Amino acid sequence: MMRFSLAFIPAAALLACAPPVVTPSSGSAEDPALVVLITVDQLRGDYIDRWGEQLNGGLSRLARTGAYYPNAVHDHAITETAPGHASIGSGRFPVSTGIASNSTGVFDQTTQLLEHGGAGASPHRFQGTTIADWLVARHRSARIVSVSGKDRGAILPIGRRVADVYWYAPSGRFTTSTYYRRELPAWVREFNARQIPRSWAGREWTLLLAESAYPEADSVPAESNGQLFTFPHQLPLAPAAAAQALPGFPWFDDLTLSFALSAARALELGRGARTDLLAVSLSATDYVGHRFGPDSRELHDNILRLDRALGAFLDTLFTMVDHRRVVIALSSDHGVAPMPELAGRYGAPAARRVTLAPIVSEMRRGLAAAGTDSLNVFFGSGALSVNRGVLTAARVNVDSLVTAFAVAAARVTGVASVTTLEELAKRDTSTDHIARRWLNMFRPGGEVPVVVTLEPYSIWGSIPATHGSPHDYDAHVPVIFWGEPFTPGRHEGRVRVVDLAPTLARAAGLQPRERLDGRVLSEALR
């Protein structure tokens, strides 16, 4: 995790975060009634093809009858949930959105969670606009709804827009923060009153298909930290504990999709003389993938269940809105690496778990001994951040500090390179994808002077499986467009996820409000 203080962000940059003021137009009769943006957290790019013969629901339908790009990539280095969602909705890289990692995502202690108390979340760090802003610029009365199992998954696809934005809380209820509203609307309270997660206490997750349909072994101790790594898996018997554990089970997506349909009904999405937006981020694949890894029987079964849940969602949605007036885009915020213990099958038997914690601790002890707040230096997600102004004022030689860190980090087994942003900027980014992806995260001369790239298939930390690197297995995701404006077909070429928003905007007749990093994928359009 990488954490930044607002002290690292100039006041001018904070002021620049607000979306530009635009004058809405009335739209056109040819515009779609509803744009649906679906993000499946940790849906790696090979999953749909890997298990395609067993898919007969929503994933299969969209890939088979839409414009399907199986080889899309997030062309930035810190492939985490927050920066991924921000890029999906904006068509811009993290260097432009200001969302560099999960820990610099949406946490906002100036807001409160409704009906839960405690610090809330908001897009206050997000810079620029998203497809939600472009939509409101064309349709004055457009309704914007975004729902997710995670706060950052709900918030960042629509940027700073104040709208109907909700996410799941460990209590088993969907909530939002005071950034968006002062109280939950009646339809949300009614949905929460059903207490669906608590009613699932004790429910068993068993295989959807016959055991012979799964080639993966169900006896891999590296999964789930060596505990409870075989089927069946059961939610806790206590209702409150079941609600808290639900994100790690496939039914978490069923609940999120059900909530999204409740929103569509209550707010009559797609039924007015306008274009509405429904953004849905599904989180179960990420939780299951972190615990069991991308090569597990659990992940396989989860994708089969996700496919069927999406199919049921689309079937129900199309009873509410004419499918001919619905436009859909689907992608993911990042991929995932295999567990280092199993990376030998990928040709990386020396893959390992890496930490620089001893180096960072030693550096902080030195700063504390010099009378300087050690929190002015932080390392996470492969990036060293420093509060250069404060350290310099305290007579700390920042360049020497950074150099000492780089020398020590380069000696750690599993580290491939330790480089400055200035060094990366001198490379040929058309061929050096590692350099390009780091430069799409941070600008030279900023708060991040040095970045660390691990050897392929080595990972940070002790989570069974994780993501966050500039390597292709973490960057590789699918992109799918579906609806009347798109020509069905499979496109094997490499595209970038930042191409999604401008392409979706073109299909919906929207005009981006700023220069984008992505391009319109014209071959997908009729």
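The values are calculated or read from the model by the stated rules, or taken from the named source; none is laboratory data. Worth saying up front: this structure is predicted, and the values here are computed from it rather than measured. Because the Cβ atoms are built from the backbone with ideal geometry, glycine has one as well, and the counts that use them run over all protein chains shown.
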Fill in: Arg140 vs. criteria assigned to a loop (DSSP other than H, G, I, E, B) and at pLDDT below 95
yes
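So that you can scan it fast, the table gives a plain yes or no per residue for (1) crowded, with 19+ Cβ neighbours inside 10 Å; (2) closer than 27 Å to Leu43 by Cβ; (3) not aliphatic (A, V, I, L, M):
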{"site": "Val396", "(1), (2), (3)": "yes, no, no"}
{"site": "Gly446", "(1), (2), (3)": "no, no, yes"}
{"site": "Pro449", "(1), (2), (3)": "yes, no, yes"}
{"site": "Thr453", "(1), (2), (3)": "yes, yes, yes"}
{"site": "Ala465", "(1), (2), (3)": "yes, yes, no"}
Worksheet item: Looking at Ala370, is it under 21 Å from Thr79 (Cα atoms), touching a residue at least 12 places away in the same chain (Cβ under 8 Å) and among the small types (Gly, Ala, Ser)?
Response: no
Item to complete: Output yes when any residue across the range 432-443 is closer than 24 Å to Ile99 by Cα, of a type in the set (Val, Ile, Thr) and in contact with a Lys or Arg (Cβ under 9 Å, 6 or more places away or on another chain), and no when none is.
Response: yes
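Please state which one of Leu504, Leu525, Leu521, Leu500 is crowded, with 21+ Cβ neighbours inside 10 Å, modelled with pLDDT of 95 or more and more than 21 Å from the chain's Cα centre (by Cα). Before the answer, list the steps.
Details: Leu504 fails: more than 21 Å from the chain's Cα centre (by Cα); Leu525 fails: crowded, with 21+ Cβ neighbours inside 10 Å; Leu500 fails: more than 21 Å from the chain's Cα centre (by Cα).
The match here is Leu521.
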Practice prompt. Keeping to the range 472-490, report how many residues are surrounded by 15 or more Cβ atoms within 10 Å (Cβ to Cβ) and touching a Leu at 6+ places or on another chain (Cβ under 8 Å).
Written response: 8
Worksheet item: Taking the range 338-360, which residues are without any contact (Cβ under 8 Å) to a residue 24 or more places away in the chain and surrounded by fewer than 12 Cβ atoms within 10 Å (Cβ to Cβ)?
Response: Gly347, Pro349, Ala357, Pro358
Worksheet item: In the range 244-289, which residue that is over 22 Å from the mean Cα position of the chain (by Cα) and aliphatic (A, V, I, L, M) is modelled with the lowest pLDDT?
Response: Ala273
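Looking at the structure I just gave you, is Arg297 out of contact with any Ser or Thr (no Cβ under 8 Å at 6 or more places or on another chain) and at pLDDT below 95? Steps first, please.
On the way: out of contact with any Ser or Thr (no Cβ under 8 Å at 6 or more places or on another chain): yes; at pLDDT below 95: no.
The answer is no for Arg297.
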Discussion item. With the requirement that a residue be closer than 21 Å to Thr79 by Cβ and either outside the structural domain of Glu268 (by TED's automatic domain parsing) or not polar (S, T, N, Q) (or both), what does the range 323-340 give you?
Written reply: Ala329, Leu330, Asp333, His334, Gly335, Val336, Ala337, Pro338, Met339, Pro340
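Would you point out which residue out of Ser381, Ser385 is in the same structural domain as Trp438 (by TED's automatic domain parsing), in contact with a Phe, Trp or Tyr (Cβ under 6 Å, 6 or more places away or on another chain), crowded, with 17+ Cβ neighbours inside 10 Å and not charged (D, E, K, R)? Please lay out each step first, then the result.
Values: Ser381 fails: in contact with a Phe, Trp or Tyr (Cβ under 6 Å, 6 or more places away or on another chain).
So the residue among Ser381, Ser385 that is in the same structural domain as Trp438 (by TED's automatic domain parsing), in contact with a Phe, Trp or Tyr (Cβ under 6 Å, 6 or more places away or on another chain), crowded, with 17+ Cβ neighbours inside 10 Å and not charged (D, E, K, R) is Ser385.
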Worksheet entry | Output for the range 316-337, where each listed residue is hydrophobic (A, V, I, L, M, F, W, C) and crowded, with 20+ Cβ neighbours inside 10 Å | Leu317, Val321, Val326, Val327, Ile328, Ala329, Leu330, Val336, Ala337
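Restricting to the range 185-232, count the residues that are part of a loop (DSSP other than H, G, I, E, B) and in contact (Cβ under 8 Å) with a residue 60 or more places away in the chain. So that I can check it myself, show each step before the final result.
Let us first name the residues in the range 185-232 that are part of a loop (DSSP other than H, G, I, E, B), namely 185, 194-195, 200-203, 206-210, 214-222, 227-232.
So of that shortlist, the ones also in contact (Cβ under 8 Å) with a residue 60 or more places away in the chain come out as 185, 207-209, 214, 216-218, 220, 222, 229, 231.
Final tally of qualifying residues: 12.
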Worksheet item: Within the range 459-504, how many residues turn out to be of a type in the set (Ser, Thr, Tyr) and farther than 22 Å from Pro32 by Cβ?
Response: 4
Response to the item:
Those residues of the range 268-282 which are touching a Gly at 6+ places or on another chain (Cβ under 9 Å) and surrounded by fewer than 24 Cβ atoms within 10 Å (Cβ to Cβ) amount to Ala273, Arg274
Discussion item. So, Pro197, is that one in the same structural domain as Gly153 (by TED's automatic domain parsing) and either of a type in the set (D, E, K, R) or over 27 Å from the mean Cα position of the chain (by Cα) (or both) or not?
Written reply: no
Fill in: The lone exception for Glu298 - which of (1) in the same structural domain as Leu43 (by TED's automatic domain parsing); (2) surrounded by 24 or more Cβ atoms within 10 Å (Cβ to Cβ); (3) over 30 Å from Ser219 (Cα atoms) it fails
(3)
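Any residue at all in the range 178-189 that's within 30 Å of Asp517 (Cα to Cα) and either touching a His at 6+ places or on another chain (Cβ under 8 Å) or not charged (D, E, K, R) (or both)?
First pass over the range 178-189, keeping only residues within 30 Å of Asp517 (Cα to Cα): 179-180.
Narrowing further to those that are either touching a His at 6+ places or on another chain (Cβ under 8 Å) or not charged (D, E, K, R) (or both): 179-180.
Yes: one or more hits.
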Response to the item:
Counted residues in the range 160-180 being assigned to a loop (DSSP other than H, G, I, E, B) and either basic (Lys, Arg) or buried (at least 24 other Cβ atoms within 10 Å of the Cβ) (or both) come to 4
